[in-house]
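Participant: Sending over a structure as structure tokens; questions will come in a sec.
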Amino acid sequence: MSRVRAFEEADLPAVAEMFQRVLRKKSSPAPASLTDYMRRFYLDAPGCGEGINSLVHVDDASSVSGFVGAHVLPMTFNGRKLRAAICGSLMVANPETDPMAGARLLKAFLDGPQDLSFSETANDVATQLWTRLRGSVLSQYSLDWVRVIRPLGFAASLASSRIGMLRMFSPLTAVVDGLHNRRIKPGTRKWSGVAAGQQSPPLPLQVSQIGSMEFARLLEPLTGHFALRPDWEASALDWILADAGQKPDLGELVFASVASPSGSVVGAFAYYAKPGGIGRVLQLLARPGQAGHVIDCLVDHAAARGVCGLRGRTQPVLMEAMLSKRIAFVPVASTVVHSRDEELLKVMTGSQAFLNGIAGEQWSRLIGGRFA
């Protein structure tokens with residue numbers, strides 16, 4: 001008889017092979033580096049083994065036929081300590097032969113001891129499962145935002161993911177984009193690019209490149225205005241940021257702070273800077289009322305490093321400022337939540353929670369990492 005149980009080390013080979021085939025869409029065997037990483041990520045990471053476990057679905061033949069990954073995220077709500085469970089890598093080996101395996105896995109996950117559950121990478125099928133199990137879609141957290149900096153390079157970068165040889169034209173696109181952007185008047189905003197050398201904020205804000213440890217220290221003061229927010233221990237946050245930095249295909253992970261003329265930090269950002277590529281924004285933070293200035297600083301910083309565009313995950317508190325910045329929004333995956341506590345649900349659906357990015361799963365090497 002099929003059943004759901006806690007994920008064990010002996011399940012690693014089967015789960016890695018399933019991940020390689022179902023989510024990475026590769027027919028080759030799972031590399032040892034992927035198996036080793038999944039052991040570290042799902043069994044050895046901070047918070048593992050504290051009652052909130054990754055789960056496997058075992059079929060009638062006692063074979064692992066499904067998996068749902070789980071991570072613990074300590075959170076705080078008005079001084080109250082909570083535990084959130086982040087749901088990632090929900091997959092079934094053969095959904096045609098066992099169409100209920102995914103629903104059984106997700107139900108068992110949501111029935112866990114956590115105060116709330118969420119995922120920021122739910123596809124259409126997973127979103128339907130969440131809503132059938134009384135989960136909610138957070139619409140304002142469920143978009144990717146995109147800002148074009150160099151239009152020709154941006155288009156070439158998108159196309160090169162399918163046609164690799166287009167990368168050879170990068171020097172040419174850089175020249176044409178340079179000419180195009182020099183024709184844009186400083187202070188004006190265009191969908192098609194950013195003025196060369198533009199310093200958008202009206203105030204002389206100071207952008208300083210910093211290390212991961214300094215960025216980690218800024219997270220608490222820059223998220224204190226959220227009613228529901230992460231409550232990381234320093235060791236766990238160091239682990240997350242170190243892991244996030246190991247994605248060479250996305251480029252160097254750059255951390256920066258944004259300070260006012262008086263030296264007060266008003267924001268910070270972390271993004272993958274790959275010259276000639278589209279920079280993935282891991283996290284964008286701003287004090288209330290400063291979001292527009294911090295966004296401008298991020299765009300200018302990325303443009304100076306030769307990035308042709310930026311892409312990140314939405315935060316509701318940033319969207320109003322983004323609407324005037326020639327930023328486009330694209331539905332890619334849904335952020336979904338579940339809780340038996342109506343007060344927590346009200347806070348999350350009311351956009352008063354800090355979720356996505358570092359407070360999620362985008363930092364993981366399973367998203368954008370290289371395994372050979």
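The values are calculated or read from the model by the stated rules, or taken from the named source; none is laboratory data. The model shown is predicted, which means the values in this text are computed figures rather than measured ones. Cβ sites come from the backbone with ideal geometry, for glycine too, and all protein chains shown count toward neighbours. Accessible surface is based on the protein model in full, side chains and every heavy atom, while ligands, DNA and RNA are left aside. Shrake-Rupley method; radii C 1.70, N 1.55, O 1.52, S 1.80 Å.
Participant: If you take the residues of segment 105-125 that are part of a helix (DSSP H, G or I) and not aromatic (Phe, Trp, Tyr), which of them is surrounded by the fewest Cβ atoms within 10 Å (Cβ to Cβ)?
Facilitator: Of everything passing the filter in segment 105-125, ASP124 is surrounded by the fewest Cβ atoms within 10 Å (Cβ to Cβ).
Participant: Quick check on segment 228-241: of everything there that is at pLDDT 95 or above and open to solvent by 20 Å² or more (accessible area, probe 1.4 Å), which residue is farthest from ASN78 (Cα to Cα)?
Facilitator: The selected residue is ASP231.
Participant: While we're on this one: State yes or no: is GLN128 part of a loop (DSSP other than H, G, I, E, B) and farther than 13 Å from VAL68 by Cα?
Facilitator: Taking the combined requirement at face value, the residue does not satisfy it.
Participant: Let me ask something else about it. Scanning segment 93-115 for residues that are among the aliphatic types (A, V, I, L, M) and touching a His at 6+ places or on another chain (Cβ under 7 Å), which turns out nearest to LYS26 (Cα to Cα)?
Facilitator: The selected residue is ALA101.
Participant: Is it true that some residue in segment 46-54 is modelled with pLDDT of 95 or more and under 20 Å from LYS107 (Cα atoms)?
Facilitator: The answer is yes, given that some residue of segment 46-54 is modelled with pLDDT of 95 or more and under 20 Å from LYS107 (Cα atoms).
Participant: Shifting gears a bit: Sort out which residues of segment 237-260 are part of a strand (DSSP E or B), more than 23 Å from ILE86 (Cβ to Cβ) and in contact (Cβ under 8 Å) with a residue 40 or more places away in the chain, and write them in order of number.
Facilitator: Listed by number, the residues that qualify are VAL254, ALA256, SER257, VAL258, ALA259.
Participant: Does ARG340 fit the bill of being in contact with a Gly (Cβ under 8 Å, 6 or more places away or on another chain), open to solvent by 30 Å² or more (accessible area, probe 1.4 Å) and of a type outside the set (A, V, I, L, M, F, W, C)?
Facilitator: It is false that ARG340 is in contact with a Gly (Cβ under 8 Å, 6 or more places away or on another chain), open to solvent by 30 Å² or more (accessible area, probe 1.4 Å) and of a type outside the set (A, V, I, L, M, F, W, C).
Participant: Additional query: Only one residue in GLY263, GLY306, GLY267, GLY276 is farther than 30 Å from VAL137 by Cβ, outside any helix (DSSP H, G or I) and touching a helix residue (DSSP H, G or I) at 6+ places or on another chain (Cβ under 6 Å). Which one?
Facilitator: After applying the criteria, what remains is GLY276.
Participant: Would it be correct to say that VAL56 is assigned to a strand (DSSP E or B), within 21 Å of the chain's Cα centre (by Cα) and closer than 30 Å to SER235 by Cα?
Facilitator: no
Participant: Take PRO46 and decide whether it is out of contact with any helix residue (DSSP H, G or I) (no Cβ under 7 Å at 6 or more places or on another chain), open to solvent by 20 Å² or more (accessible area, probe 1.4 Å) and closer than 24 Å to ALA353 by Cα.
Facilitator: It is false that PRO46 is out of contact with any helix residue (DSSP H, G or I) (no Cβ under 7 Å at 6 or more places or on another chain), open to solvent by 20 Å² or more (accessible area, probe 1.4 Å) and closer than 24 Å to ALA353 by Cα.
Participant: Go through segment 202-223 and report how many residues are part of a loop (DSSP other than H, G, I, E, B) and either buried (at least 17 other Cβ atoms within 10 Å of the Cβ) or at pLDDT 95 or above (or both).
Facilitator: 2
Participant: Separate question: Which numbered condition in (1) open to solvent by less than 10 Å² (accessible area, probe 1.4 Å); (2) closer than 24 Å to ALA353 by Cβ; (3) touching a residue at least 60 places away in the same chain (Cβ under 8 Å); (4) of a type outside the set (S, T, N, Q) is the only one that VAL137 fails?
Facilitator: In the conditions (1) open to solvent by less than 10 Å² (accessible area, probe 1.4 Å); (2) closer than 24 Å to ALA353 by Cβ; (3) touching a residue at least 60 places away in the same chain (Cβ under 8 Å); (4) of a type outside the set (S, T, N, Q), VAL137 misses (1) alone.
Participant: For VAL194, all conditions in the list (1) within 29 Å of LEU158 (Cα to Cα); (2) modelled with pLDDT of 95 or more hold save one; what is the number of the exception?
Facilitator: All conditions pass for VAL194, except number (2).
Participant: Among the residues of segment 310-318, is there at least one that is polar (S, T, N, Q), more than 24 Å from VAL125 (Cβ to Cβ) and in contact (Cβ under 8 Å) with a residue 60 or more places away in the chain?
Facilitator: yes
Participant: Now a separate question. Would you check if there is a residue in segment 9-18 being surrounded by fewer than 13 Cβ atoms within 10 Å (Cβ to Cβ), out of contact with any Ser or Thr (no Cβ under 6 Å at 6 or more places or on another chain), modelled with pLDDT of 95 or more and of a type in the set (D, E, K, R)?
Facilitator: yes
Participant: Look at THR97 and say whether it is farther than 15 Å from ILE52 by Cα and within 23 Å of the chain's Cα centre (by Cα).
Facilitator: Considered against the rule, which asks whether it is farther than 15 Å from ILE52 by Cα and within 23 Å of the chain's Cα centre (by Cα), THR97 comes out as no.
Participant: Same structure, new question: Is it the case that some residue within segment 92-108 is within 27 Å of THR314 (Cβ to Cβ), of a type in the set (S, T, N, Q) and at pLDDT below 95?
Facilitator: Within segment 92-108 (the criterion being within 27 Å of THR314 (Cβ to Cβ), of a type in the set (S, T, N, Q) and at pLDDT below 95), the answer is no, since none of the residues qualifies.
Participant: Could you figure out which of (1) modelled with pLDDT under 95; (2) touching a strand residue (DSSP E or B) at 6+ places or on another chain (Cβ under 6 Å); (3) open to solvent by less than 10 Å² (accessible area, probe 1.4 Å) isn't true of SER89?
Facilitator: (3)
Participant: Only one of LEU82, LEU73, LEU43 is part of a helix (DSSP H, G or I) and not charged (D, E, K, R); which?
Facilitator: LEU43
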